[in-house]
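S.K.: Would you mind keeping the following structure in view while I ask a few things?
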Amino acid sequence: MKKTTRFFAVVMVAVAAIVAAVPSQAQFKFGLKAGAAINSLKFSNSEELKSSFSKDNRAGFVGGAMIEFTVPVIGLGFDLSALYVHRETKWVDEDFDNIKRDYIDIPINLKYKLSIPVINKVVKPFVTTGPSFAFLTSKKAIEDAYKNKSVDIAWNFGFGLELLSHVQVAASYGLGLTNTLKAVGVTDNSEKINGKNRYWTVTAAYLF
């Protein structure tokens, strides 16, 4: 938890430094975002866990608000979102209910917009990358066998299109950096589980 707090603090300091360095003519936008979150769990060191969870990706949903800063001409900036995310993971054993996890997710992305002459007022491609911090809001216990971690950190890589300077359609892939769950009552294995989130997020946003 100390490492998580330290990492979060470093990122927030970096964001504050970027905001302070943004020139006064930078474009600022606020918007609403919604879409789908397609999630799976990846276990690299536990065959038992791999066999307990389905490999099928499970679709959830995401929605919330975002802000965006962009420096004109060069097209470089960043966006910050506060999102409610619902994720699901399926057990192989059909007697168990699907694992449902709710988070408040805060992705912080560096964003680059490619300005193409003639069409740049209609459509602008962009790419994004940056960390996200997901804070668990649902229960931790999973069928008295596992517990969800309170904080899940990932790194996102995304791309999208901005249409008419107001609508953004985007997709991103998240690589979990921290374990998202642990075993309950299994001392020997509780710290060795290497189960991380892998997910696609597809969203549409309207910026004012």
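S.K.: What number of residues in segment 152-181 are among the charged types (D, E, K, R) and modelled with pLDDT of 95 or more?
M.R.: Total meeting the criteria: 1.
S.K.: While we're on this one: Looking only at segment 59-84, count how many residues are crowded, with 18+ Cβ neighbours inside 10 Å and among the β-branched types (Val, Ile, Thr).
M.R.: Residues that pass the stated criteria total 2.
S.K.: How many residues does segment 20-52 hold that are under 25 Å from HIS86 (Cβ atoms) and at pLDDT below 60?
M.R.: The qualifying residues number 3.
S.K.: Also: Does VAL184 fit the bill of being at pLDDT 95 or above and either farther than 19 Å from TYR103 by Cα or touching a Phe, Trp or Tyr at 6+ places or on another chain (Cβ under 7 Å) (or both)?
M.R.: Taking the combined requirement at face value, the residue does not satisfy it.
S.K.: Sticking with this structure for a sec: I'm trying to understand the selection: among the residues of segment 59-115, which are modelled with pLDDT under 85 and under 20 Å from PHE28 (Cβ atoms)?
M.R.: VAL71, PRO72, VAL73, ILE74
S.K.: If you don't mind, another one. Of all residues being under 19 Å from VAL62 (Cβ atoms) and of a type in the set (S, T, N, Q) in segment 113-149, which is nearest to the chain's Cα centre (by Cα)? Just the residue, please.
M.R.: Looking at the filtered set, the residue picked out is SER132.
The values are calculated or read from the model by the stated rules, or taken from the named source; none is laboratory data. Quantities reported herein were computed from a predicted structural model and do not represent experimental measurements. We place every Cβ from the backbone using ideal geometry, glycine too, and count neighbours over all the protein chains shown.
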